[in-house]
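Readers should treat all values here as calculations from the given coordinates under stated rules, not as data from a laboratory. As the structure is a prediction and not an experimental result, all values here were calculated from the model. FYI the Cβ positions are ideal-geometry reconstructions off the backbone, even for glycines, and counts take in every protein chain you see.
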Amino acid sequence: MFKKILVAIDGSEQSVKAARAAIDIASKNGGEIHLLHVVRPPAFDYSGVDFTGSMLPPEIPDYLIDEWSKVGQLILDKARKEVESEDVQTTIEVGMGDPAQVICDTAEKGNYELIVMGRRGVGGLGGLLLGSVSNRVLQLASCPVLIVH
């Protein structure tokens, strides 16, 4: 059924549950999973215009991007250890930008058959019943999305 699965990881317990569900699906189907953590840089206002899109402004210093990537790598390493399985190949990636857009773009470019993610992540009150990122992924994704509670 689903052999190529993308899992959105944000460091929350919900995302670890999502990864466990993905491992279960992949192991039953001879599949593989790809853990993706997306760093959304805080809005910067160097030119008087707030940045809130999915592309990085050129003014963000390289050392900040490096630090955010290191934190993302730590989150992914921890998640990988928690869900490691001998039966399922697991790869990891840190993305940068708007989380929902990066998740959907990665799924489309990588020809993933399923996106798995937690219902709510580490974000604030952006989505009261369904997290704002998971809600946007449901709207934007070109493949099936499994939301794990």
For the range 134-149, just list the computed ³J(HN,Hα) in residue order, Karplus coefficients 6.51, -1.76 and 1.60, θ = phi - 60°, integers in Hz, with x standing in for Gly and Pro.
-> 5, 5, 5, 4, 4, 6, 9, 5, 9, 10, x, 10, 10, 9, 9, 8
Would you grab the residues whose amide H sits under 5 Å from the one on ILE92? Only those 5+ places off in sequence or on another chain, please, with H modelled 1.01 Å from N.
-> LEU35
Karplus (6.51, -1.76, 1.60) ³J(HN,Hα), θ = phi - 60°, over the range 92-99, in Hz, Gly and Pro reported as x | 10, 7, 9, x, 9, x, 6, x
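All other residues with a Cβ under 15 Å from the Cβ of LYS70 taken together, and with Lys, Arg as +1 and Asp, Glu as -1, what is their net charge?
Neighbourhood net charge equals -4.
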So who's got an amide H within less than 5 Å of the one on SER12, skipping anything under 5 residues away but keeping other chains? H placed 1.01 Å off N, in plane.
-> VAL122
Note, SER85: beta-carbon cut-off 14 Å, +1 each Lys/Arg, -1 each Asp/Glu, net -2
Other-chain or far-sequence residues with amide H under 5 Å of GLY97's (modelled H) = VAL39, ARG40
Length added when fully stretched, GLU108-ASN135, from 0.36 nm per residue minus Cα-Cα | 8.0 nm
Counted charge near ASN135, where neighbours are those whose Cβ lies closer than 12 Å (Asp, Glu -1; Lys, Arg +1) | +3
